[in-house]
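The values are calculated or read from the model by the stated rules, or taken from the named source; none is laboratory data. The structure presented is a predicted model; accordingly, all values stated were derived computationally and were not measured. We place every Cβ from the backbone using ideal geometry, glycine too, and count neighbours over all the protein chains shown. Each accessible area value is taken on the protein alone, full model and side chains, heavy atoms only, with ligands, DNA and RNA left out. Shrake-Rupley method; radii C 1.70, N 1.55, O 1.52, S 1.80 Å.
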Amino acid sequence: KQNEDNDKKQRFFFFQAEDGIRDFCLSRGLGDVYKRQLKYLIGEAMYGGRVTDDNDRRVLVTYLDEYMGDFLFDKNNEFIFAELPDYRYTVPKQINTEVLAANIQELPIINSPEIFGLHPNAEITYYTNAAKAIWTNLLLMQTTVATSFTGVNKEEYVENLAADILSKLPKIYDVLAYRKEAGDVIQPTKVVLFQELERYNKLIERIQETLTNLIRALKGEIGMSSELDDLSSSLFNGFLPDLWRKLAPQTEKKLGSWIQHFLNRNRLYEDLSLIHI
């Protein structure tokens with residue numbers, strides 16, 4: 001109750017201050033000054049943290065000139081921000097607290113992408129991402145005593161999966177030997193290959209180290225750190241662990257398809273290291 005009263009007081013004082021500034025400017029013929037003040041607050045001050053350089057500020061000010069021009073106050077030509085079959089987004093004819101509050105209440109709860117200048121298909125992307133986020137959060141909410149679809153408990157499932165991935169890991173590439181074999185003059189394509197192999201070796205070492213420690217932690221030989229716990233949850237839920245993602249090429253693949261891609265990369269590197277490129 002006390003918080004609600006404080007919120008009401010804050011809103012009251014805010015509207016009082018806003019109405020006072022507006023009335024002061026308009027009563028003295030300073031409407032243009034009032035608009036300039038609003039543009040400065042929005043474009044220069046209030047959004048200063050989001051503007052990284054002068055080009056960003058210039059773009060924002062340009063939009064403000066487009067949407068906060070003199071046409072907003074042209075009584076002979078109503079300005080429409082956006083028009084849909086069931087609603088028109090316009091400037092309220094009267095500017096006071098009651099009218100503004102009523103207009104806000106009339107705004108549609110669900111807004112079409114067309115209002116923001118986007119194609120209607122943008123809504124499909126939004127709902128797709130929202131569904132993925134909901135599904136991901138539901139998976140992350142699973143408890144440690146959850147079971148997999150095979151009926152095996154989480155720890156046993158994760159341990160078996162970690163052992164399976166370890167059994168498929170390729171060997172570390174001897175990049176130094178490849179460099180010696182290439183001689184003093186190395187072709188650009190081989191330079192790229194050696195760089196890729198060095199990155200691939202780091203990823204193999206990271207996977208091997210983390211999975212080995214995870215299996216030991218599950219057996220109680222070492223403590224379960226927060227990183228290993230996150231690794232265990234990612235393996236159980238079928239996500240690519242963050243510990244591996246940092247050393248891997250950017251991807252949106254899930255764990256199963258990523259492991260297959262990881263092994264396919266290894267076969268490609270093996271073929272390239274056996275031929276003269």
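Out of curiosity, is N237 surrounded by 13 or more Cβ atoms within 10 Å (Cβ to Cβ), among the polar types (S, T, N, Q) and in contact (Cβ under 8 Å) with a residue 40 or more places away in the chain? Give the derivation first.
Details: surrounded by 13 or more Cβ atoms within 10 Å (Cβ to Cβ): yes; among the polar types (S, T, N, Q): yes; in contact (Cβ under 8 Å) with a residue 40 or more places away in the chain: yes.
Here the answer is yes, as N237 does meet what is asked.
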Could you grab me the full set of residues in the range 196-209 that are open to solvent by 80 Å² or more (accessible area, probe 1.4 Å) and either of a type outside the set (D, E) or not in a helix (DSSP H, G or I) (or both)? R199, K202, Q208
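Here's the yes/no breakdown for (1) surrounded by 11 or more Cβ atoms within 10 Å (Cβ to Cβ); (2) in contact with a helix residue (DSSP H, G or I) (Cβ under 7 Å, 6 or more places away or on another chain); (3) closer than 13 Å to A162 by Cα:
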position	(1), (2), (3)
L211	yes, yes, yes
L218	yes, yes, yes
M224	yes, yes, no
L231	yes, yes, yes
P241	yes, yes, yes
L247	yes, yes, no
Q250	no, no, no
K253	yes, yes, no
D271	no, no, no
Can you name the number of the only condition in (1) open to solvent by less than 60 Å² (accessible area, probe 1.4 Å); (2) part of a helix (DSSP H, G or I); (3) among the hydroxyl-bearing types (S, T, Y) that T189 fails? (1)
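Please find, among R88, R11, the residue that is at pLDDT 70 or above and open to solvent by 80 Å² or more (accessible area, probe 1.4 Å). Show your work before the answer.
Details: R11 fails: at pLDDT 70 or above.
Answer to the selection: R88.
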Of all residues in the range 112-123, which are part of a helix (DSSP H, G or I), under 17 Å from I80 (Cβ atoms) and open to solvent by 50 Å² or more (accessible area, probe 1.4 Å)? E114, F116
The one condition in (1) more than 25 Å from Y63 (Cβ to Cβ); (2) assigned to a helix (DSSP H, G or I) that I109 fails to fulfil: (2)
Restricting to the range 131-155, name every residue that is assigned to a helix (DSSP H, G or I) and either modelled with pLDDT under 80 or surrounded by 14 or more Cβ atoms within 10 Å (Cβ to Cβ) (or both). L139, L140, K154, E155
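Which helices (runs of 4 or more DSSP H) does the range 223-277 wholly contain that include 2 or more residues that are closer than 14 Å to K168 by Cβ?
On the way: elements: 226-237, 242-245, 255-274.
Ranges flagged: 255-274.
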